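Structure record follows, encoded as structure tokens.
The values are calculated or read from the model by the stated rules, or taken from the named source; none is laboratory data. In this text, all values refer to a predicted model and were calculated from it rather than measured experimentally. FYI the Cβ positions are ideal-geometry reconstructions off the backbone, even for glycines, and counts take in every protein chain you see.
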Amino acid sequence: MFRHNAFLHSLNVIVLSGVGGFLLSLTGISIGWMIGALLAATILSLRYGKQQDESPVPHIGIPKYWMAVGQCMLGIELGRKMNSTFFFTFQDHWLTISTMLLLSIVFALLSGLILWKFTKLDLLTSFFAAAPGGLSTIPGIAEELGANTGVVSIAQTMRIFLVVLTIPVILSFSMGPPVEAVPELSASVSPPFQMGHIWGTALLVGIAWFGYFFGRFVKFPAPWLLGSMVSVALLQMVSTIFLNAELQAWWPSGMIVISQVLIGTSIGSRIHRSMFQGLKKIVFFSMVSTIFLIFTMFLSAYLASLLTDLPFITTALAFSPGGISEMTTTSIVLGGDSTFVLAVQVLRVIAVCVILPPLFKLIQYWEMKKNAHEHQSA
């Protein structure tokens, strides 16, 4: 009976949060489904969280398997983007892309240190708040590793809005009028369903499921996300490079919407008032660290354009710490190399998700060990 009530309660929260996601998606922001669901679930949690103590469900936070489903779907979506065009683009510009990914990690660490130095946030939360991995990925990993997901979600949302609202506008004014025709992104087009796609889809889901267990074995943070993403990416690589054939599977674009709603609801439903202590100072320095990150990546993109044959508009959008869809679409509108932008943005998300969480934990361990040593010496 308890499990039945908990499941129905979770569905109610997801549906209500999904309405919030739908309303915000009407603005045209691709991440609107997740931000809207997160905001709606947060409001429900803050408004009714205390009343849940006397109900059959002890808290409004929905069970973690909903987050797992959303993360697995997102991992499949990111892994599927690694097709033959993606690999050929990386092969042509591997040095530039690798250098910029390394710089983005360094600048993210510096941004996190700024936030940690001037606020009362713990080191782990500060690093996750500044990590340019995206609202869909970072808060879920942060929750699993014990960071303050409320602060991380706010900081990630601020960064996305700042990037989306400033960089495309600046480039639009500096680069002249947009191109007349805007083709559709191939990654966003859903092929019509065919019976032959069933086996490909089953293989895709099966590989993602295997990736979860592999992720747990190698101790990936958020194994449902990273394990499925890495395993599907490897499957794509084998099928496109070695077998010279694209994996034919039915994976409609609506899957990413469901993923956003589930992840946003899962995060928002666990947010409580104590997470927002000292919020004004946190918001201010989050904005400062975000502006620092945007400026340094913008400067790095300019230097990359001088040292390579890539135009500045392409490098600026590729290395901007914003959303994959927004930056890629802007590159199409302004006449940039959308394939290069898509490849770098996807690689940045993957690199940040795989490299930064263990690095953050290691730095936090060193800091705790240092503090313990200083305490013993005193």
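Restricting to helices (runs of 4 or more DSSP H) lying wholly in region 55-147: which have 2 or more residues that are within 26 Å of residue 299 (Cα to Cα) and modelled with pLDDT of 85 or more?
Output list reads 94-118, 123-130.
Identify the single condition in (1) part of a helix (DSSP H, G or I); (2) in contact (Cβ under 8 Å) with a residue 12 or more places away in the chain that residue 306 does not satisfy, given that it satisfies every other one.
Tallying (1) part of a helix (DSSP H, G or I); (2) in contact (Cβ under 8 Å) with a residue 12 or more places away in the chain, residue 306 fails exactly one: (2).
Can you name every residue in region 248-300 that is over 27 Å from residue 67 (Cα atoms) and of a type in the set (Phe, Trp, Tyr)?
Listed by number, the residues that qualify are 284, 285, 292, 295, 298.
Out of all the residues in region 265-275, which are assigned to a helix (DSSP H, G or I), modelled with pLDDT under 85 and in contact with a Leu (Cβ under 9 Å, 6 or more places away or on another chain)?
Scanning region 265-275 gives 267, 268, 273.
Does residue 326 meet the test of being charged (D, E, K, R), out of contact with any Gly (no Cβ under 6 Å at 6 or more places or on another chain), assigned to a helix (DSSP H, G or I) and at pLDDT below 75?
Here the answer is yes, as residue 326 does meet what is asked.
Any idea how many residues of region 137-175 are under 20 Å from residue 359 (Cβ atoms) and not β-branched (Val, Ile, Thr)?
Qualifying residue count, region 137-175: 12.
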